Amino acid sequence: MTEYALDAKTPDGPIAEQWDEHKFAVKLVNPSNRRKFRVVVVGSGLAGASAAATLGELGYQVTMITFHDTPRRAHSIAAQGGINAAKNYRNDGDSVYRLFYDTVKGGDYRSREANVYRLAQLSVNIIDQCVAQGVPFAREYGGLLDNRSFGGAQVSRTFYARGQTGQQLLLGAYQALLRQVHLGTVTLYHRTEMLDVVLHEGRAVGVVTRDLITGDVRSHTGHAVVLATGGYGNVFFLSTNAKQSNVTAIWRAHRRGALMANPCYTQIHPTCIPASDDFQSKLTLMSESLRNDGRIWVPDQLDDPRAPDQVPAADRDYFLERRYPAFGNLVPRDVASRAAKREVDAGRGVGPLKNGVFLDFSDATARLGRDVIEERYGNLFQMYERITGEDPYTVPMRIYPAVHYTMGGLWVDYNLMSTIPGLYVLGEANFSDHGANRLGASALMQGLADGYFVLPATISDYLAPLLGTDPVPTDHQVFQDAEAQVAEQVRALLDVHGSRSVDYFHRELGHVLWENCGMERSQASLEKALAEIPALREEFHKDVRVLGDGESLNQSLEKAGRVADFLEFGELLCRDALHREESCGGHFRVEHQTEDGEALRDDEHFAYVGAWEYTGDDAHPNLHKEALEFETVHLAQRSYK
Amino acid sequence: MKVTLRVWRQPGPNARGAFETHELDDLSPDMSFLEMFDVLNEQLIAEGKEPVAFDHDCREGICGSCAMMINGRAHGPERGTATCQLHLRKFADGAHITVEPWRAAAFPIIRDLCVDRAAFDRIIEAGGYITVTTGSAPEANLTPVPKAVSDAAMDAAACIGCGACVAACPNGAAQLFTAAKLQHLNLLPQGQPERWERVVHMVDEMERWFGSCTMHGECEAACPKEISIDFIALMNRDYIKAQFKQRRLAGQHA
Amino acid sequence: MSKVGETLSTEDQREDADAAERLARSTGAPIPRSRPVPFPIQFWRSAIGKKWAMAVSGIALLGFVLVHMIGNLKVFLGKTEINTYAHWLRTLGQPALPYTVVLWALRVGLTIAFVVHIVAAAQLTRMNHRARPQRYQSKRDYVAANYASRTMRWTGIIVGLFVIFHLLDLTWGQLSPHFVRGDPYDNMYLSFQRVWVAGVYIVANIALGIHIFHGAWSMFQSLGWNNPRYNRWRRYFATGFAGLIIVGNCSMPLLITTGAVSR
Ligand SMILES: Cc1cc2nc3c(=O)[nH]c(=O)nc-3n(C[C@H](O)[C@H](O)[C@H](O)COP(=O)(O)OP(=O)(O)OC[C@H]3O[C@@H](n4cnc5c(N)ncnc54)[C@H](O)[C@@H]3O)c2cc1C
Ligand code: HEM
Ligand code: HEM
Ligand code: SF4
Ligand code: F3S
Ligand code: FES
């Protein structure tokens, strides 16, 4: 087994100068030589699209691969709320340092200071870049950019474009990308799924893909490979992620030797619309801002038959206001989520399936008048009404937490390079900046920082020494072998001829994880999951039914491959959760909490990044640790009492 | 509730297709239209039949993947919604529902209900961007943009690229999509330098793939983002102006 | 541009690439920019340019139809009135210009307008058929497109055929037995004695009205004349114009044939 030094390569010197220092230190490729390099970028989300576009502008040859029918459909498109930037346009005391500080603290002291500081610095350039691209951010009457406050931050630093910030940012990057496609620097492969990373002499030299329309298994070679393939929230089956988001790309890279960091950090979002029936295919997020005016409650008595508005205040339990008088309904995401779960588990859930809690606007409406509420939340109410058929102006909303974001991902150093030389990982797919918990409106910021500014500046350090070498030809043995393997995996799935659909297994896996490794985790529950998942995986490979052939569009075949990887990854997720004997951010171990249910960190033993190495045996991965030092922001317990 | 579904099945791009009828029982009215297809597919798989291929991803009406011609209407009966936002409660119990893929020369059918909308990418490639090399951008608040203008640009920018406008248009024209993408940029100050080049290139590319507009207005009615055909008029105006302009001077204002 | 480790297929760039070829797509080959050609040709090549031409010719035709109707309505004021008008048309421009020169100029302009309008319509129609070779297999349910907009071609063709018939009837007279050059008054009365002729006129002018109902609105869009403040007036204008033409032009065959007015 290989020993990884896990050198984060963070430059030394004062944190504020590290990035500039580093940019000066890296080797460069001169403009006329750049076209001699080819970089393979997988994923066309904010991170991938912005990276590919920028590399193209710099003059590199880029291969862009996405399984969507066009890059613009990447999951980033769904982001609603906004993007943070330390512009301090509101003159309310914001600064690069404050954004940095908030992010480290919000991440519950499990992120790498140097990365976070760089992120905060670049946030400013991102907004400039996007505005110049024509992203129609909300503006004030004076014509200058508007801001809102978000995710419990004390300053207004969130830029937004109606409820479609992610869409507008992605379209900006997508347009920049297609400009490069037009100029011939970027070659775009759509409806093409990357299924393996190819290594030659320990370096990443390309990927193997499957054309989803013709089924052709092909190789793409390059001097370096960039994965920007997003998060793995769908391992829980029900999540707010787009249906196709998956772990396959990073999992296959992991199997090739890239370390997987902190897989157990999963963010649960408190305000989603609860499942309406067992056919539910995904959950819809409702903006957190609703908690500013809505009051969360459940009826005191079990299965109260009365209509919500018939329940007198005396018989209502406003459990957040009761438990956390100071912050009330505005406690952080994880606290609010767990509180709601407790009520539902106690059988006090509301709605036909008793799987939600009320988010009630009647008081706010009485206080502010319907118009104000409509003006603030009109579009959200409309969305809710469309989905549930209930009118939130008259009937209280029903909400329940759902998996939303995954902080974990492939381990990367300060250059965003994984433990495989030449393999870079961007965006939600890496573990880098959010520690154990991501603040609202920070993921878009990270994706774009990685893609527009970080990778383009750091990749030359790896490429420069390779000048003059040709990329490994795709008829080379390493590619042939990888292609054969992929083809084999695909055939195997088609050859099972089992009796159960892919979705069946996905739902089962999701259920196991949600029950045992969801909002609350305990040794017992995790061990239970670790016993059930391998069994389920076994059953999957014996009994899954994938109809059709591998020579044409076959969506259940695509799904099957992804679920197969989820079934392996899910186990690692639980192992990580089991080994982390503390509660922090998106990871809550019931064994480790204060008497009032607050997460209890153990900085002495767990202030490190847990990076797992694949050993070929799912039961025994190797753990590597990157110690985290906090020289600038000092460790402290958070409290919302 | 009960539903009788007539679905278009077509094994491949150049294969012949036909409708296939399926009965679906005990569906829940709270189910989304795509969840009904999930159920249908589970049923088909259980019977050993190949499931229906259909595009979808976000299921929130933002990614623009889903695309179904439902009872002769793109994205179905409800205004301003994508197929994935449509719920069965909008249909009567026992309803007969016919579902077809988008049909246009530029949207070849891949399989069943999946079509290839790559032609849209081509229109953007042709000029649907503002040239700004990363890093060269000026301070964001340097250029104030009147709120009304940026709101109008946002109205256009809301397009999700679903292709319903083309599907609904009796002429198979992509005018609404192109106008939306174009005006988003042409309305903003940032978009002025390339304004005239942009309109000419995008329109020329559009016309290589799609039909022409005779102002039926079906596109607007089908658009999940309710984008107005006024943008089409603005595009026509810009195109005519750009053509009458002296090309060397294209790029200057007004 | 030299490519590293990539060979590109530009199959899909071909105009005639079939569905399967289009799908086997790897972009990256720059889109060939059409060679710049002299402005008018380039403009005419584009559908938007053709629509512009249609709108402009359409306006000319609208103008003609209106003036022509007003002129013809003099028939109700008596023989001398309309015949002096007809005579005036021919002597228009005199003495500066010789007899009927101005009229011929107008006729030429009108003919050009018709030709441009019809050729554009035909070419656009072909373009639109090519854009959707396979029709929808189930019944379409139109929401916004109205009867007028969907029948432009047919109402247009009816009008076109009518004009030919009409010329043979009242301008050159082949179709009317007692035709007398330069005496539109009698020509009209005699011609309309035949009920079927009156019928043709009425049908044709209703078709024209329907054509205008959409056309006179649509042309504003084609010309890019769009201003939220005035947009609803475009609709009123088109409706009014169409109504006026139908009433005005149908009144003549109607009243004359039914004998409601007589010489
Ligand atoms: C409902 C919702 C709302 C959100 N709102 C906000 C918000 O308000 N603010 C905020 O900051 N963040 C928000 N987030 C989080 C944020 O949207 C994501 O974290 C971010 O967009 C991730 O971007 P990405 O580029 O890393 O990955 P993605 O955008 O997920 O892109 C992944 C890409 O990789 C491709 N891909 C994946 N695997 C493969 C493969 N094997 N082969 C080929 N291609 C592959 C996919 O095609 C896709 O294009 C939200 C998330 C959700 C779900
Ligand atoms: C005096 C007679 C006519 C008048 C006043 C007239 C007027 C108009 C006008 C104003 C338009 C709208 C153009 C636009 O939208 O830009 C139009 C469209 C059209 N006309 Fe005519 N027209 C006449 C005769 C004809 C004839 C003879 C044809 C022959 C076929 C024809 C076919 C069409 C068609 C197909 C359209 C729709 C094309 C489009 O909107 O793209 N018209 N007409
Ligand atoms: C009831 C309706 C109409 C009547 C009574 C009518 C009557 C006439 C008459 C009497 C003439 C001969 C004028 C002359 O030779 O001095 C004429 C010419 C003509 N009419 Fe009409 N017309 C009608 C409608 C139309 C319409 C709808 C059109 C076209 C769309 C049209 C097109 C023409 C043309 C092109 C000429 C030849 C003009 C010329 O030779 O200068 N007419 N019409
Ligand atoms: S304009 Fe509307 S219908 Fe057309 S692609 Fe955009 S969103 Fe879809
Ligand atoms: S429906 Fe078609 S004709 Fe024009 S107005 Fe819309 S594109
Ligand atoms: S599935 Fe994304 S818009 Fe419908």
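The values are calculated or read from the model by the stated rules, or taken from the named source; none is laboratory data. Just so it is clear, the structure is predicted and the values come from calculations on it, not from any experiment. Reconstructed Cβ throughout: ideal geometry from the backbone, glycine too, with neighbour counts over all protein chains shown. What goes into the accessible areas is simple: the full protein's heavy atoms, side chains included, and nothing from ligands, DNA or RNA. Shrake-Rupley method; radii C 1.70, N 1.55, O 1.52, S 1.80 Å.
Dipole of chain A computed with +1 at Lys/Arg Cβ and -1 at Asp/Glu Cβ about the Cα centre; of A:Ser418, A:Gly468, A:Ala173, farthest Cα towards the positive end is A:Ala173.
Could you rank the peptides A:352-362, A:419-429 by their average count of other C-beta atoms within 10 Å per residue, with the highest value first?
Listed from highest to lowest mean packing, they are A:419-429, A:352-362.
Here, the range A:595-641 yields an orientationally averaged convex hull projection of 5.2 nm² when only Cα atoms define the hull. What share of Cα pairs, in percent, lie more than 18 angstrom apart in the range A:303-347? Counting pairs separated by more than 18 Å, the tail of P(r) holds 38 percent. Of the three principal axes defined by the Cα atoms of the range C:49-130, the extents in descending order read 54, 31, 14 Å. Remark: mean inter-chain Cβ contacts per residue of A:66-78 equal 6, using a 10 Å Cβ-Cβ cutoff to other protein chain atoms.
Here's how it looks for A:Cys272: its modeled amide H is under 5 Å from those of A:Met286, A:Tyr400, A:Ala402, which are all 5 or more places away or on a different chain. Taking every Cα-Cα distance in the range B:107-254 and sorting them into 5 Å bins starting at zero, the pair-distance distribution P(r) comes out as 2, 10, 18, 22, 20, 14, 8, 4, 2, 0, 0 percent.
Since only A:Ile387, A:Ile373, A:Leu330 are under comparison, the one whose Cα sits farthest along the positive direction of the charge dipole of the range A:299-450, derived from C-beta charges on Lys, Arg, Asp and Glu, is A:Leu330. Centre-to-centre, using Cα atoms only, the range A:144-214 and the range C:124-177 are separated by 48 Å. When only the Cβ of Lys, Arg, Asp and Glu is charged (+1, +1, -1, -1), the dipole of chain A relative to its Cα centre reaches about 1460 debye. Taking a ≥ b ≥ c as the square roots of the eigenvalues of the Cα gyration tensor of the range A:468-533, is the shape rounded (a/c under 1.5), prolate (a/b larger than b/c) or oblate? Because a/c hits 1.5 or more and a/b fails to exceed b/c, the range A:468-533 counts as oblate. Per-residue shielding of B:101-107, expressed as the average number of other chain Cβ atoms within 10 Å of the residue Cβ, stands at 4.
Between the range B:163-196 and the range A:290-357, the alpha-carbon centres lie 46 Å apart. Please find, in a Gaussian network model of chain B (springs between Cα atoms separated by less than 10 Å), the residue of B:Cys223, B:Cys114, B:Cys213 whose mean-square fluctuation is greatest. So, out of B:Cys223, B:Cys114, B:Cys213, the one fluctuating most is B:Cys213. Starting from the Cα gyration tensor of the range B:1-115, take the square roots of the eigenvalues, sort them a ≥ b ≥ c, and report rounded, prolate or oblate (rounded when a/c is under 1.5, otherwise prolate if a/b is larger than b/c, else oblate). Judged from the Cα gyration tensor, the range B:1-115 comes out oblate (a/c at least 1.5, b/c at or above a/b).
In Å³ and rounded to a whole number, note down the convex hull volume per residue for the Cα atoms of chain A.
Values: hull volume 98.1 nm³, N = 641.
Hull volume over Cα atoms, normalised by residue count, gives 153 Å³.
Projected onto planes of every orientation and averaged, the convex hull of the alpha-carbon atoms in the protein assembly as shown covers 50.1 nm².
For the range A:308-445, the relative contact order works out to 17 percent when only alpha carbon pairs closer than 8 Å and six or more residues apart are counted. Close amide H pairs (under 5 Å, H built 1.01 Å from N) link B:Ala67 with B:Asp55, residues at least 5 positions away or on another chain. Here the convex hull built on the C-alpha positions of chain B has a volume of 147 cubic angstrom per residue.
Beta bridges per DSSP, both residues in the protein assembly as shown: antiparallel share near 70 percent.
Using a 1.4 angstrom probe on protein heavy atoms only, the contact between C and B buries about 5000 square angstrom of accessible area, both sides summed. Descending by average beta-carbon neighbour count within 10 Å, the peptides A:459-466, A:95-102, B:176-183 line up as B:176-183, A:95-102, A:459-466, the highest first. Indicate the helices, whole DSSP H runs only, in chain C that combine a mean Kyte-Doolittle hydropathy of 0.5 or more with a Cα extent along their long axis of 27 angstrom or more. Membrane-span-like by this criterion, though nothing is claimed about a membrane: C:47-73, C:101-131, C:195-223, C:231-257.
Shape summary: the range C:102-179 maps onto an equivalent ellipsoid whose semi-axes, from the alpha-carbon gyration tensor, are 35, 16, 11 Å in decreasing order. When only alpha carbons of the range C:106-250 are considered, Rg and Dmax amount to 18.4, 56 Å. Legend: P(r) of the range A:151-241 from all alpha carbon pair distances, 5 Å bins from 0, whole percents, reading 3, 10, 11, 15, 19, 17, 11, 7, 5, 2, 0. The alpha carbon gyration tensor of the range B:81-139 gives principal lengths a ≥ b ≥ c with a/c of 1.5 or higher and a/b no greater than b/c, which makes the shape oblate. Taking the empirical scaling 2.2 N^0.38 Å for compact globular proteins as reference, the range A:275-323 has a Cα radius of gyration ratio of 1.44.
Only beta bridges with both residues in chain A are counted; by DSSP, about 70 percent of them are antiparallel.
Order these peptides, A:232-243, A:524-535, A:50-61, by their mean beta-carbon neighbour count within 10 angstrom, highest first.
Details: A:232-243: 25.8, A:524-535: 17.4, A:50-61: 28.1.
Result, highest mean first: A:50-61, A:232-243, A:524-535.
When the charge dipole of chain B is built from unit charges on Cβ atoms (+1 for Lys and Arg, -1 for Asp and Glu) and taken about the Cα centre, the candidate among B:Ser212, B:Cys223, B:Gly163 whose Cα reaches farthest toward its positive end is B:Ser212. In whole angstrom, the range A:492-641 maps to an equivalent ellipsoid with semi-axes of 37, 17, 13, each derived as √(5λ) from the alpha carbon gyration tensor and ordered largest first.
In plain terms, the C-alpha convex hull of chain C casts an average shadow of 21.8 nm² when viewed from every direction.
May I ask for the Kirkwood hydrodynamic radius of the range A:389-512, worked out over all distinct Cα pairs and given in angstroms to one decimal?
Details: mean 1/r = 0.0514 Å⁻¹.
19.4 Å is the Kirkwood radius here.
Residues with beta-carbon under 13 Å from that of B:Val145, excluding B:Val145: net charge, scoring Lys, Arg +1 and Asp, Glu -1? Around B:Val145, the charge tally is -1. Using the rule -39500 (n - 2.57) for each DSSP H run of four or more residues, divided by the residues of chain B, the 222 nm mean residue ellipticity is -10000 deg cm²/dmol.
Under a Cβ-only charge scheme (Lys and Arg +1, Asp and Glu -1), can you give me the dipole magnitude of the range A:10-154 about the Cα centre, in debye to the nearest 20? Display every interim value, and only then the final one.
Numbers: 17 positive and 14 negative charges, 118 e Å.
For this selection, approximately 560 debye.
For the range A:249-395, the spread of Cα coordinates along the three principal axes comes to 59, 36, 34 Å, biggest extent given first. Expressed as a whole percent, the proportion of Cα-Cα pairs in the range C:207-263 lying more than 15 Å apart is 56%. The amide H of A:Tyr424, built 1.01 Å from its N in the peptide plane, has A:Val225, A:Val226, A:Leu227, A:Ser418 as neighbours under 5 Å, considering only residues 5 or more places off or on other chains. Taking only alpha carbon atoms, the range A:193-324 gives an Rg to Rh ratio of 1.19, where Rh is the Kirkwood radius. The residues neighbouring C:Arg132, those whose beta-carbon lies less than 13 Å from its own, together hold a net charge of +3 under the Lys/Arg +1, Asp/Glu -1 convention.
Take each residue of peptide B:47-59, count the partner chain Cβ atoms within 10 Å of its Cβ, and average: the result is 6.
Once the cut-off is 17 Å, how many percent of the Cα-Cα pairs in the range A:310-431 end up in the long-distance tail? Can you show the working numbers first?
On the way: 5090 of 7381 pairs.
Result for the distance tail: 69 percent.
Considering only B:Val200, B:Val132, B:Val99, the Gaussian network model of chain B with Cα springs below 10 Å gives its largest mean-square fluctuation to B:Val132. Value of Rg to Rh for the range A:103-184, rounded to two decimals, is 1.04; Kirkwood radius and Rg both from alpha-carbon coordinates. If you average the C-alpha positions of the range B:70-100 and of the range A:271-286 separately, how far apart do those two centres end up, in angstrom? The distance from the Cα centre of the range B:70-100 to that of the range A:271-286 comes to 20 Å.
Sequence gap at least 6, Cα distance under 8 Å: using those rules, report the relative contact order of the range C:209-263 to the nearest whole percent.
Here the relative contact order equals 42 percent.
Debye-formula intensities of the range A:453-562, expressed as log10 I(q)/I(0) at q = 0.15, 0.16, 0.24 Å⁻¹, are -0.83, -0.85, -1.23 (one equal scatterer per alpha-carbon, no solvent). Across chain A, the relative contact order, built from alpha-carbon pairs under 8 Å that are at least six residues apart, equals 20 percent. With the whole protein complex present, B:Cys219 retains an accessible surface near 20 Å², based on a 1.4 Å probe.
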